[in-house]
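Remarks on the structure that follows.
The values are calculated or read from the model by the stated rules, or taken from the named source; none is laboratory data. Note that this is a predicted model, so its numbers are computed, not measured. Virtual Cβ from ideal backbone geometry, glycine too; neighbours counted across all protein chains shown.
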Amino acid sequence: MYGVVTRNAEELDWPEFETGFYEVKDVTGRHVDPVENAVSMVSCFGDNATAGTDPELVPVDDDGRPATRERQYFDWAYICPLAEDYRNGVLTVVETCSDVSGDVRLDDVGFPRAEYCHCDRCTAAFEASAFDDWQAWRADVITSFVADAVDRIDGKTYLTLYPDPYPGHLYERAGLDLDALAELVDEFVVPLYDTAYETTYWIETIAAGFEDAVDAPFSIELYAVNVDIENLLHAAEVAAEYGEDVFFGYEASNARAALRRLDAEDRDGVSFGPE
């Protein structure tokens, strides 16, 4: 099955896509109303706008360096998962989305990197917790958030994973306990983004790693913006051998062209005349 990730509601009705993810809240902090015929997609802890207006909510490492897009390795700014008012606001968005469309995809879930967060909120919460291990405490924070979100979702719950299946990496990087999360969510989504897809062996390598890493269904998301159609099609064919489904991100017209090419190739050589 093929689907699309889009900010354009009209593309959700295109017949080539069986599933549509509609960005209700993205990493810029932009909000739009959810729509009925889509999986609502919510950026949970990525939020440039909130980080700009409320910098005290931004996670910091043990040297006090904030997780903002002005720093190396960050494409967007993060909000601390223990920022209570913000966290509750995200959960309200999730519940509103589910009331409209049922299914919700939780995006940008977790701590920003392995060295975060050492803000006053996190320091106090860890010291007051029953945990001796900081990483185990971090994982409990994220698992608890996802559990609270799932309680508000009436339909299917998707969760985006950073594309690193190496054992322990997601746990150390973001506080994602894959075994615990697999008990809560219905499906993981792994974005494998490239701007060209001129080679695809790495898609196979990462996808095969996730087959071993997660005990739950997972799908693969590809980047469709300005990608050569033949290359995008080949990447989709490789991804389809591993994931439950393949989703195309942010240029539905290019993805539709690739799927039409695939349909034409499937029909090549078929004869409907007498034998």
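Pick out the one residue from VAL35, VAL27 that is in a loop (DSSP other than H, G, I, E, B), over 21 Å from PRO191 (Cβ atoms) and of a type in the set (A, V, I, L, M). Explain how you work it out, then say what you get.
Working: VAL27 fails: over 21 Å from PRO191 (Cβ atoms).
When all the criteria are applied, what remains is VAL35.
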Query raised in the report: So which of ASP54, ASP120 ends up being over 20 Å from GLN135 (Cβ atoms) and either buried (at least 20 other Cβ atoms within 10 Å of the Cβ) or at pLDDT 95 or above (or both)?
Result: ASP54
Query raised in the report: When residues of segment 18-31 are filtered for being crowded, with 18+ Cβ neighbours inside 10 Å and within 18 Å of GLY46 (Cα to Cα), how many remain?
Result: 8
Query raised in the report: Just for segment 142-166: of the residues that are free of Cβ contacts under 8 Å to residues at least 40 places away in the same chain and among the aliphatic types (A, V, I, L, M), which one is farthest from VAL246 (Cα to Cα)?
Result: ALA147
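Taking segment 185-215 as the region of interest, how many residues are assigned to a loop (DSSP other than H, G, I, E, B) and surrounded by fewer than 16 Cβ atoms within 10 Å (Cβ to Cβ)?
From segment 185-215, those assigned to a loop (DSSP other than H, G, I, E, B) are 185-186, 192-200, 214-215; that's our starting set.
Next cut, surrounded by fewer than 16 Cβ atoms within 10 Å (Cβ to Cβ) only: 186, 193, 195-196, 198-199, 215.
Here the count works out to 7.
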Report task. Could you identify the single residue in PRO81, PRO112 that is touching a strand residue (DSSP E or B) at 6+ places or on another chain (Cβ under 6 Å) and buried (at least 21 other Cβ atoms within 10 Å of the Cβ)? Result -> PRO112
Query raised in the report: Only one of PRO34, PRO59, PRO66, PRO15 is of a type outside the set (A, V, I, L, M, F, W, C) and either in contact with a Gly (Cβ under 9 Å, 6 or more places away or on another chain) or surrounded by fewer than 15 Cβ atoms within 10 Å (Cβ to Cβ) (or both); which?
Result: PRO15
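If you check ALA130, ALA174, ALA139, which single one turns out to be closer than 20 Å to HIS118 by Cβ and in contact (Cβ under 8 Å) with a residue 60 or more places away in the chain? Spell out the reasoning first.
Numbers: ALA130 fails: in contact (Cβ under 8 Å) with a residue 60 or more places away in the chain; ALA139 fails: in contact (Cβ under 8 Å) with a residue 60 or more places away in the chain.
Criteria check complete, one pass: ALA174.
Being of a type in the set (A, V, I, L, M, F, W, C) and under 21 Å from GLU115 (Cβ atoms) is the filter here; which residues of segment 69-93 pass it? Before the answer, list the steps.
Initially, segment 69-93 is screened for residues of a type in the set (A, V, I, L, M, F, W, C), giving 74, 76-77, 79-80, 82-83, 90-91, 93.
PHE74, TRP76, ALA77, ILE79, CYS80, LEU82, ALA83, listed by residue number.
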Query raised in the report: Is there a residue being of a type in the set (Val, Ile, Thr) and either part of a loop (DSSP other than H, G, I, E, B) or in contact with a Gly (Cβ under 7 Å, 6 or more places away or on another chain) (or both) anywhere in segment 80-95?
Result: no
Query raised in the report: Which one of these does GLU244 not meet: (1) outside any loop (DSSP other than H, G, I, E, B); (2) surrounded by fewer than 22 Cβ atoms within 10 Å (Cβ to Cβ); (3) at pLDDT below 95?
Result: (1)
Query raised in the report: Restricted to segment 197-218, and to residues that are touching a strand residue (DSSP E or B) at 6+ places or on another chain (Cβ under 7 Å), more than 27 Å from ILE229 (Cβ to Cβ) and not β-branched (Val, Ile, Thr), which residue is modelled with the lowest pLDDT?
Result: ALA216
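Please go through segment 38-78 and pick out each residue that is small (Gly, Ala, Ser) and part of a loop (DSSP other than H, G, I, E, B). Don't jump to the end; show me each part of the working.
Looking only at segment 38-78, we keep the residues that are small (Gly, Ala, Ser), and these are 38, 40, 43, 46, 49, 51-52, 64, 67, 77.
Across segment 38-78, the qualifying residues are ALA38, GLY64, ALA67, ALA77.
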Report task. Six or more apart or on different chains, Cβ under 6 Å: which pairs go from a residue in segment 22-33 that's within 20 Å of ASP54 (Cβ to Cβ) to one that's hydroxyl-bearing (Ser, Thr, Tyr) and modelled with pLDDT of 95 or more? Could you list them? Result -> LYS25/SER43; ASP26/SER43; VAL27/SER43; GLY29/THR50
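In segment 96-108, which residues are in a loop (DSSP other than H, G, I, E, B) and acidic (Asp, Glu)? Walk me through it before giving the result.
Initial filter on segment 96-108 (in a loop (DSSP other than H, G, I, E, B)): 102-103, 108.
Correct list: ASP103, ASP108.
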Query raised in the report: How many residues are surrounded by fewer than 17 Cβ atoms within 10 Å (Cβ to Cβ) and not in a helix (DSSP H, G or I) when one looks only at segment 165-183?
Result: 4
Query raised in the report: If PHE74 satisfies every condition in (1) within 30 Å of ALA128 (Cβ to Cβ); (2) surrounded by fewer than 19 Cβ atoms within 10 Å (Cβ to Cβ); (3) over 19 Å from the mean Cα position of the chain (by Cα) but one, which is the exception?
Result: (3)
